[in-house]
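Novice: Structure below; questions to follow.
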Amino acid sequence: MSQKKTIDIVALYPQINQIKNADLRNAVIAVWQALWDQSSWSDPAQIPTSSEISYPNLPHTQCVVTLCLSMADALEHHHGTPINRDYLIAGAVLQDASKVVEYAPGPEGKAIKSAIGRQFPHGFWCAHLAIEKGIPYEICHVMLTHSSSAAQFPSTLEGKILYFADQLDVIAIHGDRWKKHLLIGKQS
Ligand SMILES: [Fe+2]
């Protein structure tokens, strides 16, 4: 078995240094490190974006983090929209971190779903570690609701920014999956 490579999370996601709250910054690094310690991959660059998208997750998530901050910059610059950047950066950096344990290297190097990936919803494993390490529920909500497979739509602006950044990046790296559904609903 190949020697597991050490991982420098901040080198992969330098925007972590922009998280103002030091406890949160350290907790985000600790969650990523704990996931990496539990994973059976030797190189983070080998992990795919998903079962359907073979493009590596690393540049996908790096671009998602960049997109999130660019959207936050535009909204703050033009409208003065208040955005919790600590929550946004933490949620974006952690959005797909659980993929390192949801997938495992299979035969011929092709990724296969692990027991964690088969038995829990995407993001669950990262969220439970995040809660253990004291990361606020609001950030776990941003992280857990980013996926179109999530049971809930994000309820906060930080969550919605991440949701759309992720979906836009998937269009860029994979292809357009958007479908329009016309719905008539009651405002609650
Ligand atoms: Fe994801």
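Quick note: the coordinates plus some simple rules give every number you see, no bench work behind them. Keep in mind that this is a model prediction, so the values were computed, not measured. Positions of Cβ are generated from backbone atoms using ideal geometry, with glycine treated the same way; all protein chains shown enter the neighbour counts.
Novice: Sequence-distant or interchain residues sharing an amide H contact under 5 Å with residue 111, placed H: which?
Specialist: 106
Novice: Could you size up the charge dipole of region 44-186 around its Cα centre, putting +1 on the beta carbon of Lys and Arg and -1 on that of Asp and Glu, and report it in debye to the nearest 20?
Specialist: Approximately 440 debye in magnitude.
Novice: How high is the relative contact order of the chain, given as a whole-number percent (alpha carbon pairs under 8 Å, six or more residues apart)?
Specialist: That works out to 22 percent.
Novice: Shifting gears a bit: Using only DSSP helix segments of four residues or longer, with each worth -39500 (n - 2.57), what per-residue ellipticity at 222 nm results for the chain after dividing by its residue count and rounding to 500? Intermediate values should be presented prior to the final figure.
Specialist: Numbers: 9 runs with 97 residues, N = 188.
Per the formula, -15500 deg cm²/dmol.
Novice: Greater than 24 Å separation of Cα atoms is the criterion. Which listed pairs, 4/110; 113/180; 160/180; 5/99; 110/160, meet it?
Specialist: The pairs that break the limit, which is 24 Å between Cα atoms, are 113/180; 110/160.
Novice: Would you give the gap between the C-alpha center of region 94-159 and the C-alpha center of region 28-58, rounded to a whole Å?
Specialist: 11
Novice: Which helices of the chain meet both criteria: a Cα extent of 18 Å or more along the helical axis and a mean Kyte-Doolittle score no lower than 0.0, with helices taken as whole DSSP H segments?
Specialist: Going by DSSP H runs, the hits are 22-38, 57-79, 157-173.
Novice: Here's a follow-up. Work the Kirkwood hydrodynamic radius out for region 30-157: mean of 1/r over every pair of different alpha-carbon atoms, inverted, in Å.
Specialist: Final number for the Kirkwood radius of region 30-157 is 15.3 Å.
Novice: Which ordering of 81, 61, 6, 66 is given by a fewest-first count of other beta-carbon atoms within 10 Å?
Specialist: Listing 81, 61, 6, 66 from fewest to most nearby Cβ atoms yields 6, 81, 66, 61.
Novice: Give the order of 110, 133, 99, 5 when sorted by the count of other beta carbons within 10 angstrom, beginning with the fewest. Display every interim value, and only then the final one.
Specialist: Working: 110 10, 133 16, 99 26, 5 13.
With the fewest neighbours first, 110, 133, 99, 5 line up as 110, 5, 133, 99.
Novice: Give the aspartates and glutamates reachable from residue 179 as a straight Cα distance under 20 Å; neighbours fewer than 8 places away on the same chain don't count.
Specialist: 52, 166, 169
Novice: Under a straight-distance cross-link criterion of Cα-Cα below 18 Å, which aspartates and glutamates are reachable from residue 20, leaving out those fewer than 8 residues away in the same chain?
Specialist: By straight Cα distance, residue 20 reaches 73, 76, 86, 138, 158.
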